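Data first, discussion second: the structure below is written as structure tokens.
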Amino acid sequence: KEEIQARTITEDGRLFLQKAAQDGLETVWDRYQAQQPQCGFCELGLSCRNCSMGPCRIDPFGEGPQRGVCGADADIIVARNLGRMIAAGAASHSDHGRDLVEVLRKVGEGKAPGYGIQSEEKLRKLASELGVAQDGKSAEALAVAVAEALEEEFGTRKKALAFVGRVPEKRRKVWEKLGITPRGIDRETSEMMHRTHMGVDNDWKSLLLHGLRNALSDGWGGSLIATEVSDILFGVPKPVASEVNLRVLKEDQVNIVVHGHNPIVSEMIFQAAQDPELLQLAEEKGAQGINLAGLCCTGNELLMRRGIPIAGNHLMTELALSTGLVDMMLVDYQCIMPALGEAARCYHTRMVSTSDKARYPFMEHREFRPENARQLARDLVQEAVESYTRRIPAKVLSPPGDAVKMMAGFSVEAIVSALGGSAGPLIDAIKSGAIQGAVGVVGCNNPKIRHDYGHVTLTTRLIQNDVLVVDTGCAAVAHAKAGLKVPEAAEKAGPGLQQVCRALGIPPVLHMGSCVDNVRIFDLAAALAHALGTDISDLPLAAAAPEWYSEKAVSIACYAVASGVYTVLGTPPPIFGSPNIVKLLTEDLDDLLGASFAVEPDPTKAADLILERIRAKRAALGL
Ligand code: NFS
Ligand code: SF4
């Protein structure tokens, strides 16, 4: 019992941890415990297996070896390891972006039945930003031309990515001076793999600077393309009401859960789940309807655009299966624990993988391509309906009570429109001090940190102090479960923020989307900086990832800091084996970028660090 309390703050999490234990289902927490003690060298970033003269380890106490076989010291090894984490994260976001560009092109060519252009306005905006001629082109022709221009962003040798044009001029100058303006998206990741090969870049400072450039190729490249093209294909999010936690799974309906990241699959399932023929079939099988729910970021994508409810975040994915209510789970890629397929064998759940590049044990592989997606989605929804009839009553536990209400859909466009058409009122509120500043609380869950505790504690404290919180990813789901994403949650905010929220009818914690949608936060920050004629780093802003686990989160944190936003990490990154690197990242970057990292596992203290930073930025602006 106590152990369960210590694992998660969520009620549904606790209940289903018990159920999982009853069912003999092993969870991420159990496996984390079985891994104790974890390797101290790796925790500090001091182990290297980049070549076959190794693996090598550096003794952090200075007694054993201080160099690897090749001669690399602690600084080089830590920097190389961090560099490769950034590269993997940037590659993941950017490859996701590329998959969307492929669909955009196929839509233009008429080869992607079921997909279409939902926001021609955004398509045209992107075309002019990319310098693509529009002269009377149909939306389809323009889609092909824009897709071509975006493809160029990935590879071609150039001075800077096109979207660097969105960055305030002062910030661009900072990047130029440091030589970290991102060029081709794939180029930066590929160069990182090159630099970290044995015997290439052995200056930890230059490695870390390239790490920032690599991360910027994600934030102002790959992720940005993922978000913009998703908006073009599926629509720009608008405020929408929905619900969250395991109670969104319905005992009397066919439950289909989508898990992963790319809306290419989940949007097609969404369409198929509304097909009258399939609804009819569900009824014939005794179900009251077809209930679609999301997990993790593809859940966030559907939530933002369609109001589809979310069953949970990263650490809840196995527990969702333990309800015995999931008739089919469809996954694409990223953050899908390879344990899920086997976990599902305890129940009747059909597990389906959908991407050619992501396979999992004990899942059936049904590959989605733009050409077949519509038909395949229909087939799968039909199979889910059949799966409903095979539920194992003895294994079913219906979550009691009601799901938590929430609001999502706060794209930059939606925020500006909630403000009455411009960012002016937000700037005024910041100037007057009603809103002290804004913080992006983002990122994952990690069994090292009590589930959702980091997010909810930090965010509650920030809003109490009149700091507006914007969020994405699994953090956003944590906040939603805690009831912070309804307009009534304004009562939990300080007096200034409370008044602003009540006047606008918005919650004090605004859901801006999935993790690639972190770029929306930076778009907003850039717009505020433009409006004030200053740099992003001058604004009273910060970011935090209290429970991060993934390489993608490392890339995000690095582009946040490089973009000028102070960033606090809850989970310690593997850098503490190099005091030089710790000092650079947590102190010296402030002089170079006007922003740095902090590492603070205690969310209350993290909040205080952030509040202090916001006060200092306000004072420097004369506010
Ligand atoms: Ni982001 Fe989304 Fe969640 Fe972390 Fe994973 S789902 S992309 S990486 S765990 S927030
Ligand atoms: Fe060891 Fe150097 Fe090879 Fe790394 S690159 S494994 S430190 S020899």
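The values are calculated or read from the model by the stated rules, or taken from the named source; none is laboratory data. Predicted model, so just to flag it, every value in this text is computed and none were measured. Cβ: placed from backbone, ideal geometry, glycine included. Neighbour counts: every protein chain shown. Accessible surface is based on the protein model in full, side chains and every heavy atom, while ligands, DNA and RNA are left aside. Shrake-Rupley method; radii C 1.70, N 1.55, O 1.52, S 1.80 Å.
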Handout entry: Relative contact order, percent, the stretch 246-395 [alpha-carbon distance under 8 Å, six or more residues apart]
Key = 28
Completion exercise
Too long for a 27 Å Cα-Cα cut-off, among K19/K405; K1/K552; K158/K583, are K1/K552; K158/K583
Handout entry: Qualifying lysines (Cα of each under 24 Å from Cα of K285; at least 8 residues distant if same chain)
Key = K250, K395
Fill in the blank from the handout: the stretch 578-611 and the stretch 222-268 have their Cα centres apart by a whole-number Å value of 34
Problem - Which listed pairs, of K125/K238; K448/K481; K205/K448; K170/K205; K492/K605; K106/K357, have C-alpha distances above 27 Å, in listed order - result: K205/K448
Exercise for the section: Counting only C-alpha contacts under 8 Å and six or more residues apart, can you give the relative contact order of the chain as a whole percent? Expected result: 17
Practice task
Note the per residue figure in Å³ for the convex hull of the C-alpha positions in the stretch 246-395.
Solution key: 91
Problem - Extension gain from K405 to F61, taking 0.36 nm per residue of separation minus the Cα-Cα distance - result: 118.7 nm
Completion exercise
Here the equivalent ellipsoid of the stretch 1-145, derived from its Cα gyration tensor, has semi-axes (largest first, whole Å) of 46, 31, 13
Problem - Per residue solvent-accessible surface (Å²) - the chain, probe of 1.4 Å - result: 36
Exercise for the section: Can you send over the carbon and sulfur percentage of the accessible area for the chain, probe radius 1.4 Å, protein chains only? Expected result: 51
Completion exercise
trypsin sites (Lys or Arg not before Pro) in the stretch 1-44 lying in a DSSP loop, each with at most 11 other Cβ atoms within 10 Å of its Cβ, come to K1
Exercise for the section: Restrict the search to the stretch 1-97; then list the chymotrypsin sites (Phe, Trp or Tyr not before Pro) that DSSP places in a loop and that have at most 11 other Cβ atoms within 10 Å of their Cβ. Expected result: F61
Fill in the blank from the handout: Applied in sequence order to the stretch 142-158, the curve 6.51 cos²θ - 1.76 cosθ + 1.60 (Karplus, θ = phi - 60°) yields integer Hz couplings, x standing for Gly and Pro, of 5, 4, 5, 5, 5, 4, 4, 5, 5, 4, 4, 4, 6, x, 5, 5, 8
Exercise for the section: Take the stretch 195-321, drop everything but the C-alpha atoms, weight them equally and run the Debye formula without solvent; then report log10 I(q)/I(0) at 0.11 Å⁻¹ to two decimals. Expected result: -0.53
Practice task
Enter the Cα centre distance for the pair the stretch 111-170 and the stretch 313-370, rounded to the nearest angstrom.
Solution key: 34
Exercise for the section: Along Cα→Cβ, 7 Å out, is where each label goes; now give me the distance between the ones at D588 and S52 in nm to one decimal. Expected result: 3.6
Practice task
Please sort 101-107, 480-486 by packing, taking for each peptide the average over its residues of neighbouring beta carbons within 10 angstrom, highest first.
Solution key: 480-486, 101-107
Problem - E109 paired with A620, simple spin-label distance in nm, labels 7 Å along Cα-to-beta-carbon - result: 4.9
Handout entry: Using a Förster distance of 51 Å, the FRET efficiency for E43-A241 (Cβ separation, nearest 0.05)
Key = 0.75
Fill in the blank from the handout: Scalar couplings 3J(HN,Hα) for the stretch 193-205 by Karplus 6.51 cos²θ - 1.76 cosθ + 1.60 (θ = phi - 60°), nearest whole Hz, x for Gly and Pro, are 5, 5, 4, 8, 5, 4, x, 10, 8, 10, 10, 4, 5
Handout entry: Label-point gap, in nm, between D428 and E169 - each point 7 angstrom along Cα→Cβ
Key = 2.8
Problem - Tail weight of P(r) past 14 Å, computed on alpha-carbon pairs of the stretch 467-535, percent - result: 61
Fill in the blank from the handout: Averaged over all viewing directions, the convex hull of the alpha carbons in the stretch 74-234 casts a projected area in nm² of 9.8
Handout entry: Centre separation in Å (Cα based) which lies between the stretch 502-545 and the stretch 431-473
Key = 13
Practice task
Using only alpha carbons, build the gyration tensor for the stretch 412-620 and give me the equivalent ellipsoid semi-axes, biggest first, whole Å.
Solution key: 25, 20, 15
Exercise for the section: Give the Cα extents of the chain along the principal axes, in whole Å, largest first. Expected result: 66, 64, 51
Practice task
In whole Hz, with x marking every Gly and Pro, tabulate ³J(HN,Hα) for the stretch 507-513 from phi via Karplus 6.51 cos²θ - 1.76 cosθ + 1.60, θ = phi - 60°.
Solution key: x, x, 10, 9, 7, 9, x
Practice task
List the relative contact order of the stretch 513-623 as a percent without decimals, with contacts defined as Cα pairs under 8 Å and 6+ residues apart.
Solution key: 28
Problem - Helix-only mean residue ellipticity at 222 nm for the chain, each DSSP H run of n ≥ 4 adding -39500 (n - 2.57), per residue, nearest 500 - result: -14500 deg cm²/dmol
